[in-house]
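*Asks:* Please find one structure pasted underneath; my questions will follow.
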Amino acid sequence: MQLTITNLNKTYSNGVHAINNVNLTINQGMFGLLGPNGAGKSSLMRTIATLQEADSGSIMLGEINVLTQKDDVRKTLGYLPQEFGVYPKIDAITLLDHLAVLKGITHKAERKELVESLLQKTNLWEARTKNLGGYSGGMKQRFGIAQALIASPKLIIVDEPTAGLDPAERNRFLNLLSELGENTIVILSTHIVEDVKELCSDMAIINRGQVLYKGNPFDAMAQL
Ligand code: ADP
Ligand code: ADP
């Protein structure tokens with residue numbers, strides 16, 4: 001499965017050309033989208049995540065036309081926005097179980113197994129009965145991953161995840177992301193070079209809505 005973006009454009013009503021003729025092919029594994037604040041990363045991520053319209057161009061996720069078949073994309077999408085909110089007065093195990101019900105997993109034993117494996121995987125098992133309002137920033141981000149994984153997504157979009165995390169939490173979160181990679185397209189949007197350098201096999205650099213570089217991080221850094 002590939003994500004293919006072709007001649008994509010978006011100009012906001014204030015005249016900002018936030019996505020400027022973007023062409024990208026993104027394979028399974030970790031893809032880094034690197035660019036400074038205001039480069040157009042969130043605009044591109046929101047468009048891929050079916051949360052906003054493009055003016056022209058196309059986005060294909062395998063056979064799915066992302067701009068027109070929104071429901072099909074949403075079924076297979078995990079999206080962690082920059083400001084990820086959690087319900088403060090519910091604990092992780094209860095909320096994940098509820099979300100699994102909403103995803104149509106009706107068998108209690110099946111849900112229990114899934115929820116427990118997600119809590120283990122995201123290193124939240126110890127904190128499973130603690131209210132989410134008491135979680136640290138890093139715990140919230142990891143919970144976001146657990147929540148996203150309930151849908152067995154083929155595409156996971158993570159927008160500026162490490163902003164505000166301390167170094168230990170940052171490493172923990174990035175390692176978790178890298179474990180999801182193999183059969184999934186994971187797009188990591190960030191302004192931090194190290195996040196991309198450490199984890200991504202493929203990347204693009206964008207600024208002012210335009211793709212300035214596509215390739216692997218090593219070649220990119222060699223050019224800096
Ligand atoms: P719409 O024009 O589609 O109604 P909004 O103006 O409500 O969109 O903005 C959608 C999102 O974009 C909101 O989260 C808003 O805070 C953000 N936003 C709006 N204008 C800007 C801007 N100039 N730069 C960055 N983000 C913006
Ligand atoms: P990044 O995620 O790389 O910081 P954004 O996609 O948020 O970049 O913003 C790209 C450009 O588009 C910026 O100039 C920003 O101010 C502008 N912008 C973002 N959202 C909106 C919006 N809803 N309305 C108007 N301008 C916006």
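The values are calculated or read from the model by the stated rules, or taken from the named source; none is laboratory data. Computed from a prediction, not measured in an experiment: that's the story for all the values here. Note that we place each Cβ from the backbone using ideal geometry, even for glycine, and neighbour counts take in every protein chain shown. Heads up: the accessible areas ignore ligands, DNA and RNA and are worked out on the full protein's heavy atoms, side chains in. Shrake-Rupley method; radii C 1.70, N 1.55, O 1.52, S 1.80 Å.
*Asks:* Could you check which residue among 102, 61, 119 shows the biggest mean-square fluctuation in a GNM of the chain with a 10 Å Cα cutoff?
*Replies:* Answer for the Gaussian network model of the chain: 102.
*Asks:* For the chain, which span is the longest to avoid every loop-located (per DSSP) member of GluC sites (Glu not before Pro) having at most 15 other Cβ atoms inside 10 Å?
*Replies:* In the chain, the maximal stretch lacking such sites is 127-181.
*Asks:* Something else: How many angstrom lie between the C-alpha centres of segment 12-39 and segment 144-219?
*Replies:* Taking the Cα centre of each part, segment 12-39 and segment 144-219 sit 14 Å apart.
*Asks:* Could you work out the helix-only [θ] at 222 nm for the chain, with each DSSP H run of four or more residues adding -39,500 (n - 2.57) and the total divided by the number of residues, to the nearest 500 deg cm²/dmol?
*Replies:* On the way: 8 runs with 80 residues, N = 224.
About -10500 deg cm²/dmol.
*Asks:* If eta is 1.567 mPa s and T is 4 °C, what Stokes-Einstein diffusion coefficient results for segment 41-90, Kirkwood Rh from Cα pairs, in µm²/s? Walk me through the intermediate numbers first.
*Replies:* Working: Rh = 12.1 Å.
Approximately 107 µm²/s, per Stokes-Einstein.
*Asks:* Here's something else I'd like to know. Heavy atoms only, probe 1.4 Å: what % of the accessible area of the chain goes to carbon and sulfur, would you let me know?
*Replies:* So the carbon and sulfur contribution to the accessible surface is 48 percent.
*Asks:* Related question: Could you grab the relative contact order for the chain? Cα pairs under 8 Å, six or more apart, rounded to a whole percent.
*Replies:* Reported relative contact order: 31 percent.
*Asks:* Springs between alpha-carbon atoms under 10 Å, Gaussian network over the chain: tell me which of 89, 121, 41 tops the mean-square fluctuations.
*Replies:* 89
*Asks:* Which one, 187, 145, 105, has the greatest fluctuation when you compute a Gaussian network model over the chain with C-alpha springs under 10 angstrom?
*Replies:* Comparing 187, 145, 105 in a Gaussian network model of the chain, the most mobile one is 105.
*Asks:* Using only Cα positions of segment 41-163, each an equal point scatterer, no hydration layer, compute I(q)/I(0) via Debye at q = 0.21 Å⁻¹ and quote the log10 values to two decimals.
*Replies:* The Cα Debye sum returns log10 ratios of -1.19.
*Asks:* At 7 Å along the Cα-to-beta-carbon direction for both residue 25 and residue 171, put a label point, then send me their distance in nm to one decimal.
*Replies:* 3.7
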